[in-house]
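S.K.: Please find one structure pasted underneath; my questions will follow.
The values are calculated or read from the model by the stated rules, or taken from the named source; none is laboratory data. Note that the coordinates shown come from a computational prediction; the quantities given were computed from them, not determined experimentally. For neighbour counting, all protein chains shown are included, and Cβ atoms are generated from backbone atoms with ideal geometry for every residue, glycine included. Ligands, DNA and RNA are stripped out before the accessible areas are found, and what is left, the full protein with its side chains, is counted by its heavy atoms. Shrake-Rupley method; radii C 1.70, N 1.55, O 1.52, S 1.80 Å.
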Amino acid sequence: MNRTIKSCCSRWLRKAAAALACAALAALAAGCGTAETEPPVLRVGVALYTQDDTFIATIAAELERMAREEEQARDLRINLSVVDGRSNQTTQLDQIDSLIGRGCDALCVNIVDRTAAAVLIDKAQKAGVPLIFFNRQPVAEDMLRWEHAYYVGAKAEEGGVLQGRLVLEAWQTDPALDRNGDGVLQYVMLEGEPGHQDAMLRTEYAVKTLTDAGVAVEKLASDTANWKRGQAMAKARQWLEEGMGDSIEVVFANNDDMALGAIDAFKQAEEDLPLVVGVDATAPALEAVAAGELYGTVRNDGAGIARAMLDLVLALADGSDPAGAVELEDGHYVWLPYRAVTARDLEEKTP
């Protein structure tokens, strides 16, 4: 084991050794081996920016499921402590302090404000607790502050590119998409929260993919809806009340919840649905794709994120090189691929 990994996980190993020693003494006291030893406990803190986000809640559920499977496969108990930051960075910082104080051996953090990553990394480093960010990527400079700070997620620009390709394919194959016949694609954009790298890059690259392909585009409106279905519905309803209903040919949404909110608004107003695309491939979104209401989405691999985080935690806990458990890029990053999903893809998977 190299020195850095040994240093990072030594606290957990000491705790496990102590637990085993106590169990052994208990067995001797009970009659030399008649009592069963307790398995070591791995304590993992999971800090979410909010549990109200459908995709983030899915990752947490997958992590819990996989942890239970690992318990069955290993002589190990995995205690997950999941906390909800309620979209407040101060609240999340307090929660991280509490998780560290309770003796967590690793932290998985879906950070509220990516600009606060340096503070979290410094806290984790001081406590010797590996820190795994997921789905909300800190700036690269902060990730270099400590060798045991990691990030698991997908590259946001790839999600935007795939969204753009979905729309490009439809534009090139379905003349009816050009509602007014002017040869220009009129669109609206529902963006995630301001300053979030996924929102900025998905927005930029979705449109850039079209313009790079020579498609003339016109942005009719854009607004932030903070990843929320209800907020997106309210924004789209406002656009419809302003008389844009017949002009909107495409709705880009930075995630599925906002895409579904836009669909809700059009259905409530009894307006013809434009082409709508989202990101994440959540269960409700896939139902909307199958129903023909959501044209397509981009699969963000929530189960893959959970698997990579758990593999990292387990490798660090037993003193293994994390690069042997996951594919690490630049020593800090685990990148998962996006994949476009349309009704055609769902039909191909149906037996």
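S.K.: Could you please tell me which pairs satisfy a Cβ distance under 8 Å, a separation of 6+ or placement on different chains, a first residue in segment 41-59 that is among the charged types (D, E, K, R), and a second residue that is surrounded by fewer than 19 Cβ atoms within 10 Å (Cβ to Cβ) and not in a strand (DSSP E or B)?
M.R.: Partner pairs satisfying both residue conditions: ARG43/ARG102; ARG43/GLY103.
S.K.: Evaluate the following for VAL326: is it part of a loop (DSSP other than H, G, I, E, B), more than 23 Å from TRP171 (Cβ to Cβ) and modelled with pLDDT of 95 or more?
M.R.: Considered against the rule, which asks whether it is part of a loop (DSSP other than H, G, I, E, B), more than 23 Å from TRP171 (Cβ to Cβ) and modelled with pLDDT of 95 or more, VAL326 comes out as yes.
S.K.: Of all residues being surrounded by fewer than 22 Cβ atoms within 10 Å (Cβ to Cβ) and free of Cβ contacts under 8 Å to residues at least 60 places away in the same chain in segment 290-313, which is nearest to GLU191 (Cα to Cα)? Just the residue, please.
M.R.: So, considering only residues that are surrounded by fewer than 22 Cβ atoms within 10 Å (Cβ to Cβ) and free of Cβ contacts under 8 Å to residues at least 60 places away in the same chain, the one nearest to GLU191 (Cα to Cα) is GLU293.
S.K.: Check GLY261 against each of (1) in contact with a Lys or Arg (Cβ under 9 Å, 6 or more places away or on another chain); (2) open to solvent by 30 Å² or more (accessible area, probe 1.4 Å); (3) closer than 20 Å to GLN231 by Cα; (4) small (Gly, Ala, Ser) and name the one condition it does not meet.
M.R.: (2)
S.K.: Name the single residue that is nearest to LEU260 (Cα to Cα) among those in segment 78-95 being of a type in the set (D, E, K, R) and surrounded by fewer than 15 Cβ atoms within 10 Å (Cβ to Cβ).
M.R.: My answer is ARG86.
S.K.: For segment 136-154, enumerate the residues that are open to solvent by 20 Å² or more (accessible area, probe 1.4 Å) and at pLDDT below 95.
M.R.: Answer for segment 136-154, where residues must be open to solvent by 20 Å² or more (accessible area, probe 1.4 Å) and at pLDDT below 95: GLN137, VAL139, ALA140.
S.K.: Here is a list of conditions, (1) in contact with a Ser or Thr (Cβ under 7 Å, 6 or more places away or on another chain); (2) free of Cβ contacts under 8 Å to residues at least 24 places away in the same chain; (3) among the polar types (S, T, N, Q), and THR282 meets all of them except one; can you say which number that is?
M.R.: That leaves (2) as the condition not met.
S.K.: Also, I was wondering about something else. Kindly list, by first and then second residue, each pair from a residue in segment 138-160 that is touching a residue at least 12 places away in the same chain (Cβ under 8 Å) and within 21 Å of GLY302 (Cα to Cα) to a residue that is among the hydroxyl-bearing types (Ser, Thr, Tyr) and in a loop (DSSP other than H, G, I, E, B), limited to pairs with Cβ atoms under 6 Å and residues at least 6 apart or on different chains.
M.R.: Between residues of segment 138-160 that are touching a residue at least 12 places away in the same chain (Cβ under 8 Å) and within 21 Å of GLY302 (Cα to Cα) and residues that are among the hydroxyl-bearing types (Ser, Thr, Tyr) and in a loop (DSSP other than H, G, I, E, B), the close pairs are ALA154/TYR338; GLU158/TYR338; GLY159/TYR338.
S.K.: Now for a separate question. Scan (1) open to solvent by less than 40 Å² (accessible area, probe 1.4 Å); (2) of a type outside the set (A, V, I, L, M, F, W, C); (3) under 19 Å from ALA106 (Cβ atoms) for the single condition THR50 breaks and write down its number.
M.R.: With (1) open to solvent by less than 40 Å² (accessible area, probe 1.4 Å); (2) of a type outside the set (A, V, I, L, M, F, W, C); (3) under 19 Å from ALA106 (Cβ atoms) applied to THR50, the lone miss is (3).
S.K.: Within segment 196-205, can one find any residue that is under 17 Å from the mean Cα position of the chain (by Cα) and open to solvent by 60 Å² or more (accessible area, probe 1.4 Å)?
M.R.: yes
S.K.: Of the residues LEU346, LEU286, LEU310, LEU260, which is part of a helix (DSSP H, G or I) and farther than 24 Å from ALA176 by Cα?
M.R.: Just a single option satisfies the conditions, and that option is LEU310.
S.K.: In segment 60-101, what count of residues is obtained for those that are on the phi < 0 side of the Ramachandran plot and out of contact with any strand residue (DSSP E or B) (no Cβ under 7 Å at 6 or more places or on another chain)?
M.R.: 20
S.K.: Within segment 292-343, track down each residue that is among the charged types (D, E, K, R) and within 19 Å of the chain's Cα centre (by Cα).
M.R.: ARG299, ASP301, ARG307, ASP311, GLU327, GLU329, ARG339
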